[in-house]
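The next block holds one structure in the form of structure tokens; read it before the comments.
The values are calculated or read from the model by the stated rules, or taken from the named source; none is laboratory data. Note that the structure is a prediction, hence the values are computed from the model and not measured. As a convention, Cβ positions derive from the backbone with ideal geometry for all residues, glycine included, and neighbour counts pool all protein chains shown. Each accessible area value is taken on the protein alone, full model and side chains, heavy atoms only, with ligands, DNA and RNA left out. Shrake-Rupley method; radii C 1.70, N 1.55, O 1.52, S 1.80 Å.
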Amino acid sequence: MPGPEAYDATPFVPEGARIGELREAAAGCEGCPLFRDATQTVFGRGRLSARVVLLGEQPGDQEDRQGEPFVGPAGKLLRRACAEASIDPDDTYVTNAVKHFKFELQEERGKRRIHKPPTLRELSACHPWLTAELHLVKPELVVALGATAGKALYGSGFRVTQERGSVLDPPDGLEADAVVATIHPSAVLRAGDNRDEVYAGLVADLRVAAGALG
Ligand code: SF4
């Protein structure tokens, strides 16, 4: 099997697999170098019958430790925003464009693990897992949470500031009827004094997503 320098998860993705088999196989993925420093693979979670897939960037510190997506502060905020926008958070499938936590250790901050955005190469390497997940869920809508999730779907030219809050045609090969982009919920947590305003923007975009479901 090719090593992580190949930057491609394809050889690790079993064909025709059910979700449990995919999750198990993803735990051993070495499709790019990110598996080396992370604690574990954080695969998607949720209902296969979900009409909505919520797509984030990558696991954060707590997700990496717990092995579950969106279990940290950003995930809690996202659940609240979804509920306010009339999207039942328990009736979604949540996952990330990249399944391993990418970080750098900052000595001056007590060796805290500080999130680093994945590169386009890492996004592309991990894409076969997302394709396999979407093939099983076949959602009506993918909500791309943040610029990196948007780039994972549409490529490097995607600008979330321009595309957010409208119903987009899915890119070629994406097994979903439509895409709505918005900010990542962690942007609300970082917004300081503007937090209420940024949160309201997230909810407004999610209402567009809810409306697209009909
Ligand atoms: Fe595999 Fe994705 Fe992890 Fe890279 S980030 S090792 S491609 S699961």
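Would you tally the residues in region 103-134 being assigned to a helix (DSSP H, G or I) and among the polar types (S, T, N, Q)?
Number of matching residues: 2.
Taking region 111-147 as the range and being touching a Leu at 6+ places or on another chain (Cβ under 7 Å) and over 23 Å from E24 (Cα atoms) as the test, the residues that pass are K111, R113, E140, L141, V142, V143, A144, L145.
Would you please name the residue that is nearest to the ligand (Cβ to nearest atom), looking only at residues in region 65-99 that are of a type outside the set (A, V, I, L, M), outside any loop (DSSP other than H, G, I, E, B) and buried (at least 23 other Cβ atoms within 10 Å of the Cβ)? Looking at the filtered set, the residue picked out is N96.
Screening the candidates R195, R190, R207, R159 for the property of being open to solvent by 70 Å² or more (accessible area, probe 1.4 Å) and under 21 Å from S49 (Cα atoms) yields one hit, R207. Taking the residues in region 2-42 that are more than 12 Å from the ligand (Cβ to nearest atom) and without any contact (Cβ under 8 Å) to a residue 24 or more places away in the chain as candidates, determine which candidate is most open to solvent (accessible area, probe 1.4 Å). Among residues in region 2-42 that are more than 12 Å from the ligand (Cβ to nearest atom) and without any contact (Cβ under 8 Å) to a residue 24 or more places away in the chain, the one most open to solvent (accessible area, probe 1.4 Å) is E15.
Scan region 164-177 and tell me whether some residue there is β-branched (V, I, T), more than 14 Å from A97 (Cα to Cα), in contact with a strand residue (DSSP E or B) (Cβ under 8 Å, 6 or more places away or on another chain) and assigned to a helix (DSSP H, G or I). Within region 164-177, not a single residue is β-branched (V, I, T), more than 14 Å from A97 (Cα to Cα), in contact with a strand residue (DSSP E or B) (Cβ under 8 Å, 6 or more places away or on another chain) and assigned to a helix (DSSP H, G or I). As a summary of the residue check, R45 satisfies the conditions (1) more than 19 Å from A152 (Cα to Cα); (2) more than 10 Å from the ligand (Cβ to nearest atom); (3) surrounded by fewer than 21 Cβ atoms within 10 Å (Cβ to Cβ) except for the one numbered (1). Condition check for P118 on (1) open to solvent by 60 Å² or more (accessible area, probe 1.4 Å); (2) within 14 Å of the chain's Cα centre (by Cα): one failure, at (1). Each residue in region 18-33 was checked for being of a type in the set (A, V, I, L, M), assigned to a helix (DSSP H, G or I) and closer than 15 Å to P69 by Cβ, and 3 pass.
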